[in-house]
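> Can you keep this structure in mind? I'll have questions shortly.
The values are calculated or read from the model by the stated rules, or taken from the named source; none is laboratory data. Because the structure is predicted, anything quoted here is derived from the model rather than measured. With ideal geometry, Cβ positions are generated from the backbone for all residues, glycine too; neighbour counts draw on all protein chains shown. What goes into the accessible areas is simple: the full protein's heavy atoms, side chains included, and nothing from ligands, DNA or RNA. Shrake-Rupley method; radii C 1.70, N 1.55, O 1.52, S 1.80 Å.
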Amino acid sequence: MSCNWGTELWDQFDNLEKHTSCGIDFLERYSKFLRERADIELSYAKQIRSLSKKYHPKRSREDESRYSWCLAFAATLRQLNELSVQREEFAENLNTQIVCELTRYTQEVKTERKNHFQDGRRAQQHIEGSWKQLESSKRRFERDCKEAERAQQVSDRIDLDNKTDGEKRCSLKARQTAQQKKQAAEESRKDYVTSLNQFNQDQHQHYHTLVPVIYQRIQDMEERRIERVCEAMRSSAEAERKVLPAAGRSLEVMMESAEGIHPRMDARQVVEVYKSGFDPPGDVELEDYSASMRRSISESSYLDNRGEGQRPSRKLWPFIRKNKLLTLLSSPRQPPPPPPTSPSPGGVASSPQSPPTASREPITQRLNYLMTSGSRTRKQCLRSLKRGLSLKLGSGPADCSHLPPEQRRKKLQSRMNNINQEIQKEREQRDALLKMREVYERSPQMGDAGSLEPRLEEVKLSLQRLEEELRKHQAWFSEADSRLSENGSRRQSGGCGSNSQVTTPGSSSLKQLDNRSPASRESPDGSYTEDNSAELHFKSRSSEFDDDFDDEEPLPSIGTCKSLYPFQGQNEGTLSMVEAELLSVVEEDKGDGWTRVRRNLEEEGYVPTSYIKVFLESSAKGFVQSSRLV
């Protein structure tokens, strides 16, 4: 259905002006709507990204990443991040492809509309001027006609009354006046006819030529504006529809992640992570305290019985809480690192100044010296023991023997997998170098084959080292696996025997009690053995210096030292230092290769003795010698 504003709305100039103004206002309002929606999309994407980042698993909780529910949540967060990227892309398309184009087009439409309506106003002013000219000539013609009619009437009346000569002369004059008025009326009529013809011509041209052309241009402008609004709406919908497939894929991944949660598998994973491989403790044997009643009474037996009566009951190894000092005294300390051959940190060779590893002293000697020494020396001993604990916790044995059997087996398996991967990489690198050498040998202009020999030798040594490390870990793994198998067979045989044998408290248990030794109560990994003689002797005196150890005071400086090499203290209780740094010596090396130093009366810790040069004060040497452990 076609329409023409020039023919159908020829008399609606003001309404068309109002309508087109409303259309431009709508265009501006729609552009503002799209701009605000793009801002909302950007804000939404930013908030979604912040939310995903806020709840993303931290490094401190990386252990949870092995569970399916945690993996599903992490996948959900990643997909949310992808959704935020899609929303940002959608907002960017709205701003750059739609909003900017609409803003530019709005300015063009305003300019075009202004030109069209200016042409319309000029045509309207022209037709109105022509109409005014017609009205003016019409009124002049009417006035001249009336004046000519009155002059003719006066001339006729004088002609009827011409009796004397004077009256005849007046009659002649009146006829001349009437004739002049009639001629003026004829001229006015001609002007009126001319103005009328001109107005009709202008009016026809105005309503049949100018107005249709101008209104048609306005109609085309309005249709283009509406088409542009339609295109903008379609483009915005298309831009949003483009992100829907990605959003759908993200939602599908979220659904798949949720369906991938397996409670039974997570429960099995907990077993894999925390299973120790230890055997459960056996039955508690009877301790017969009535044996002392059958002995002969003597002074020595009385004293022995008094000592036995004060012996506390022993606990099973899973529930016992070993004394901290006994653990420290019975455990080796971590040896200090050897000093570099040069002041540069890259030196790796050992030095003659590297201290020998301190040998483990008998527990009784340390306990006796600890109990008989003074309060000040006792504090130093306890501080040294505390330092030894921090150094020991910093690293474990290479064979992972400090771990429970099951965890040790898993740790060794993980190391073996890593070593196999490194071996595979080295072999691939070796094969690539060999192929490159063959190419260089066939085509010497491409390169020198001899330049690859150092790298090949390096790769060969690395492979040998990795294979040796792999064999070592395989031996440790076989040992751990065999122990686990022995523990499993022992547990099965022990379960069968307990069901078939029945013992009475007074028969075999008493015999087993007499044959038991204090060293028979061990944990499954052999790391715990009760030594009541040393433990009781220590517990009887431990309450005397527990408070002294907790309320320790800063030790005075016994000298100074200068660092020979830089040292990075990574373990608890150690102190980092740079080359040629001056520090205060608080405690001299006690044979374990570590010296306690202080910096600025605030930072205090242990550094390797071979890394520093010590200058002791003369007054402090005697005290240091007296406070050294035997």
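> So which residues in region 441-461 are outside any helix (DSSP H, G or I) and among the hydroxyl-bearing types (S, T, Y), if there are any at all?
S443
> All but one of (1) open to solvent by 30 Å² or more (accessible area, probe 1.4 Å); (2) touching a Lys or Arg at 6+ places or on another chain (Cβ under 9 Å); (3) modelled with pLDDT under 90 hold for C70; state the number of the condition that does not hold.
Condition (1) is where C70 drops out.
> Under 40 Å from the mean Cα position of the chain (by Cα) and modelled with pLDDT under 90 - does that describe any residue in region 439-455?
Pass one, region 439-455, residues under 40 Å from the mean Cα position of the chain (by Cα): 455.
Then drop every residue that is not modelled with pLDDT under 90, which leaves 455.
Within region 439-455 (the criterion being under 40 Å from the mean Cα position of the chain (by Cα) and modelled with pLDDT under 90), the answer is yes, since at least one residue qualifies.
> Give region 93-115 a look and list any residue that's farther than 15 Å from D220 by Cβ and in contact (Cβ under 8 Å) with a residue 24 or more places away in the chain, or say none.
Within region 93-115, N93, L94, N95, Q97, I98, V99, E101, L102, T103, T106, K110 qualify.
> Can you give me the number of residues within region 424-472 that are more than 30 Å from K411 (Cβ to Cβ), of a type in the set (D, E) and open to solvent by 90 Å² or more (accessible area, probe 1.4 Å)?
Selection size over region 424-472: 4.
> Something else: Which condition number in (1) in a helix (DSSP H, G or I); (2) open to solvent by 30 Å² or more (accessible area, probe 1.4 Å) is the one that A38 fails?
For A38, the exception is condition (2).
> Name the strands (runs of 3 or more DSSP E) wholly within region 556-615 that hold at least 1 residues that are open to solvent by 60 Å² or more (accessible area, probe 1.4 Å) and free of Cβ contacts under 8 Å to residues at least 24 places away in the same chain?
Result: 582-587.
> Take L484 and decide whether it is of a type outside the set (G, A, S), over 21 Å from P404 (Cα atoms), open to solvent by less than 80 Å² (accessible area, probe 1.4 Å) and assigned to a helix (DSSP H, G or I).
no
> In this structure, does A45 turn out to be part of a helix (DSSP H, G or I), open to solvent by less than 40 Å² (accessible area, probe 1.4 Å) and under 30 Å from E272 (Cα atoms)?
Details: part of a helix (DSSP H, G or I): yes; open to solvent by less than 40 Å² (accessible area, probe 1.4 Å): yes; under 30 Å from E272 (Cα atoms): no.
Answer is no for this residue.
> Could you please let me know if L196 is open to solvent by 50 Å² or more (accessible area, probe 1.4 Å) and in contact (Cβ under 8 Å) with a residue 60 or more places away in the chain? Please lay out each step first, then the result.
Working: open to solvent by 50 Å² or more (accessible area, probe 1.4 Å): yes; in contact (Cβ under 8 Å) with a residue 60 or more places away in the chain: yes.
Yes.
> Among the numbered conditions (1) assigned to a helix (DSSP H, G or I); (2) under 30 Å from Q203 (Cα atoms), tell me where C3 comes up short.
(1)
> Still on this structure, please answer the following. In region 235-260, which residue that is of a type in the set (D, E, K, R) and under 27 Å from Y30 (Cα atoms) is surrounded by the most Cβ atoms within 10 Å (Cβ to Cβ)?
So the residue we want is E240.
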